[in-house]
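Peer 1: I have a structure I would like to understand better, so I am pasting it below and will then ask my questions one at a time.
Read the figures in this text as sums done on the coordinates, not as results from a lab. All figures in this text were calculated on a predicted structure; none of them were measured in a lab. All Cβ positions, even for glycine, are placed from backbone atoms using ideal geometry, and neighbour counts span all protein chains on display.
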Amino acid sequence: MAEKKKPASAKKSSAKSTTKPAAAAKKGGAKKPSAKKTAPKTAAPKKSSAKKAPATPSLQTSSIPSLKPAQRPVGQGKPRQVVIIGGGTGGIDVAARLVRVLGAGKITIVDPAQHHDYQPMWTLVGAGQVTKESTRRNMESLIPKGVEWLKDAVVDIQPERNLVKTKGGKTLEYEYLVAAPGIQLDWDKVAGLKESVGKGPVVSNYAYDTVDSTWQAIQSFKGGTALFTMPAGLVKCPGAPQKIMWLMEDHLRRNGQRNKAEVVFASAGAAIFGIPRYREALEKLLKARGVKTLFGHNLVAVDARNHVATFETMDTKQRVTLKFDMIHVTPPQSAPDFIKKSPLAGEGGWIPVDKHTTQHVKYPNVFALGDATNMPCSKTGAAIRKQAPVLVNNLQRLMMGQPLNPGYDGYASCPLVVTHNKVIMAEFGYDGKIMETFPIAQNKPRYSMYLVKRYLLPKLYWDFMMKGRA
């Protein structure tokens, strides 16, 4: 918004005006001028009651420039000002923030999902602490007022023409695009997994349809090998694969079954956690609680009938088999297929953005956040909570022709649940910088941090993040 001009101030003077009214001169003297012929005095302007505009312009609907007609590709009807791909954590948060600025009728969310899930709670669903139904809400109830929801799937993106095409045959023309499509679970990349997960001894917390199976398997476990895997590549909530492992180990211990079980954590990674401060604490727990680890082992096949898992070593590519009585699998993950095949994608299929501004590196009117980007941060809801306000602020700045603000510092949080009621609250940013919130040692298992995970964070999510106010 342009600053309001100050009214020109009139200086006060004690001298009378030197401007004399015109007079009709006649013989015998001059008559006094009539009122009609008197030149009006210059009135001092009234002081403005308007407040001085702030030094940093704030965005108003009327100040947002639209693309000129010559810049617009041929589309169907008037372009939407902003199209958001995805109605997950990032898409809803951004939409809720933007609609307060742009007003109604300017934003469209494209997402085919009927429901929206609070996925961080699935760890506790798998441990029998909460029901999966409590983690789900209807998508319609979360769409911000004034935002259009197109219940459809994106199949094609043409950023050179500012177009998005949907499975239902619609073509959306946009001025600005926000990509928040989330991440794709690639069950079929592990042989035998897709057809066996959620049944019997093969379980996973990573999907709403399978998360119940984890608690069922834990309850029916009578002894033997409990195997937990983490794949090669990037995954959402990279701490989740070990959280359920700690919870089952604790369950066995509290129920007098620990001596009947071998708990194994098999990971394609090189360590239990990437950040040294928390890795050291977790390594102590591994030793104290007798958990066996197999690092550098990537799961490639599951034989549910014979209870055999096949791994490939990351260094030598040798095949290694391991028998199990129960296996919790974290599936391989990637950017959604429609993103991977689009011009938005970069190396590995991820959306390349400036890691501080969230702007696409090639298309300036495209921004992205969340799990589908190439930002070198942990793919968590906590990261999105910090990315969303930066993205919205920079989108506003772009609309106003201002330089972007490099405001995202890589912040992410991972509440590592290590017992049924204790959490190590890991918080960190780019390059492993520790960014803890509380004035306590968060690398120690604490009941207080469990309360944050169990009660505070869900409320923060539903009541604040989903309204763009966290």
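Peer 1: What FRET efficiency, computed as 1/(1 + (r/R0)^6) with R0 = 41 Å and r the Cβ-Cβ distance, is obtained for K323 and L451, rounded to the nearest 0.05?
Peer 2: 0.60
Peer 1: For the residues V101, V82, what sequence is obtained by ranking on other C-beta atoms within 10 Å, fewest first?
Peer 2: Fewest-to-most ranking of V101, V82: V101, V82.
Peer 1: Could you tell me which of the pairs K78/K145; K189/K243; K194/K287; K151/K341; K355/K459; K287/K386 are separated by over 31 angstrom between their Cα atoms in the structure shown?
Peer 2: In this structure, K194/K287; K287/K386 lie more than 31 Å apart at Cα.
Peer 1: For a test of the definition: using alpha carbon positions, the gyration tensor, and the 1.5 limit on a/c, classify the range 186-333 as rounded, prolate or oblate.
Peer 2: rounded
Peer 1: Right, something else. Which order results if W149, W462, W350 are arranged by neighbouring Cβ count within 10 Å, fewest first?
Peer 2: Listed from fewest to most nearby Cβ atoms, that is W462, W149, W350.
Peer 1: For a label point 7 angstrom out from the Cα of T437 toward its Cβ, which stretches of the range 378-410 have the backbone nitrogen within less than 13 Å?
Peer 2: 381-386
Peer 1: Show me the trypsin sites (Lys or Arg not before Pro) within the range 421-462 that DSSP assigns to loop and that have at most 13 other Cβ atoms within 10 Å of their Cβ.
Peer 2: Here the sparse-neighbourhood loop sites are K433.
Peer 1: Same structure, new question: May I ask you to list the trypsin sites (Lys or Arg not before Pro) in the range 288-324 that are in a DSSP loop and have at most 10 other Cβ atoms within 10 Å of their Cβ?
Peer 2: In loop regions of the range 288-324 (DSSP not H, G, I, E or B), the sparsely surrounded trypsin sites (Lys or Arg not before Pro) are R305, K317.
Peer 1: If the chain between A270 and Y208 were fully stretched, how many nm would it gain, using 0.36 nm times the residue separation less the Cα-Cα distance?
Peer 2: Full-extension gain reported as 19.4 nm.
Peer 1: A follow-up question, please. Quick one: H328, H307, H115, fewest Cβ neighbours within 10 Å first, how do they rank?
Peer 2: H115, H307, H328
Peer 1: Sort 239-246, 409-416, 132-139, 90-97 by the packing proxy (mean of other Cβ within 10 Å over each peptide's residues), most packed first.
Peer 2: Per-residue Cβ counts within 10 Å, averaged per peptide and sorted highest first, yield 90-97, 239-246, 409-416, 132-139.
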